[in-house]
Amino acid sequence: TEISIPNGYFVKDDVNFLKDLGITAIYNSTYGESYLDKGIAIYGRFAVTSKTSSDDIFRFLTCKSYRKCYIWKNRSLSLLKRILGNNYLTIKKLIRNYI
């Protein structure tokens, strides 16, 4: 059984819990990151949302510099998630409602 993490918010502490549920693969939003953790395959993915245009997908698939910018953005977000912990989602929601 496989699972995709909503919003890509994934912490390694979840692996044991998900393994106990029979999960064999986890997809998160960290593109390019793939590894095995406690027998569960963790795959990074390119997250397509309602705001992702077909041009964005095309550029991601065909343009190396676009992918590099995408990876840089995700690494920055990952660092922010680690720093803010559980507050990340609260702040994200506040910002989205403000903008």
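As a test of the definition: which semi-axes, in Å, follow for segment 40-91 when you take the square root of five times each eigenvalue of its alpha carbon gyration tensor? Largest first, please. Walk me through the numbers on the way to the answer.
Working: eigenvalues 112, 35, 29 Å².
Ellipsoid semi-axes (Å, largest first): 24, 13, 12.
Compute the accessible area per residue over segment 1-87, keeping the other protein chains in place, probe 1.4 Å, unit Å².
Numbers: 6080 Å² over 87 residues.
Dividing the accessible area of segment 1-87 by its residue count gives 70 Å².
Among 40-50, 15-25, how do they line up from the highest to the lowest mean number of other beta-carbon atoms within 10 Å?
On the way: 40-50: 14.3, 15-25: 12.6.
Taking the mean over residues of other Cβ atoms within 10 Å, the ranking is 40-50, 15-25.
Rounded to the nearest 500, what is the 222 nm mean residue ellipticity of the chain from helices alone, with -39500 (n - 2.57) per DSSP H run of 4+ residues and division by all residues?
Numbers: 4 runs with 49 residues, N = 99.
Computed mean residue ellipticity for the chain: -15500 deg cm²/dmol.
Pull up all non-local amide H partners of residue 37: gap of 5 or more, or a different chain, and H-to-H distance under 5 Å with H placed in the peptide plane.
42
With the crude spin-label approximation of a point 7 Å out along Cα→Cβ, what separation in nm comes out for residue 80 versus residue 92?
So the label points at residue 80 and residue 92 sit 1.0 nm apart.
Percent of accessible area on the chain owned by carbon and sulfur, 1.4 Å probe?
Values: 4210 of 7320 Å².
That share works out to 57 percent.
Which sequence of 71, 95 reflects their accessible areas, 1.4 Å probe, from the largest down?
Details: 71 45, 95 90 Å².
Sorted descending by solvent-accessible area, the residues read 95, 71.
Mean projection of the alpha-carbon convex hull of the chain over all orientations, in nm²? List each step's numbers first, then the result.
Numbers: hull surface 29.3 nm².
Orientation-averaged projected area of the Cα hull: 7.3 nm².
Please report the antiparallel percentage of the DSSP beta bridges confined to the chain, to the nearest 5.
Working: 4 of 11 bridges.
Approximately 35 percent, going by the DSSP bridge assignments.
In whole Hz, with x marking every Gly and Pro, tabulate ³J(HN,Hα) for segment 54-67 from phi via Karplus 6.51 cos²θ - 1.76 cosθ + 1.60, θ = phi - 60°.
5, 5, 4, 5, 4, 4, 4, 6, 10, 10, 4, 5, 5, 4
Probe 1.4 Å, all protein chains in place: accessible area of residue 62 in Å², nearest 10?
80 Å²
The values are calculated or read from the model by the stated rules, or taken from the named source; none is laboratory data. Computed from a predicted model, the values in this text were never measured in an experiment. Neighbour counts are summed over all protein chains in view; Cβ atoms, including those assigned to glycine, are modelled from backbone coordinates with ideal geometry. Accessible surface is based on the protein model in full, side chains and every heavy atom, while ligands, DNA and RNA are left aside. Shrake-Rupley method; radii C 1.70, N 1.55, O 1.52, S 1.80 Å.
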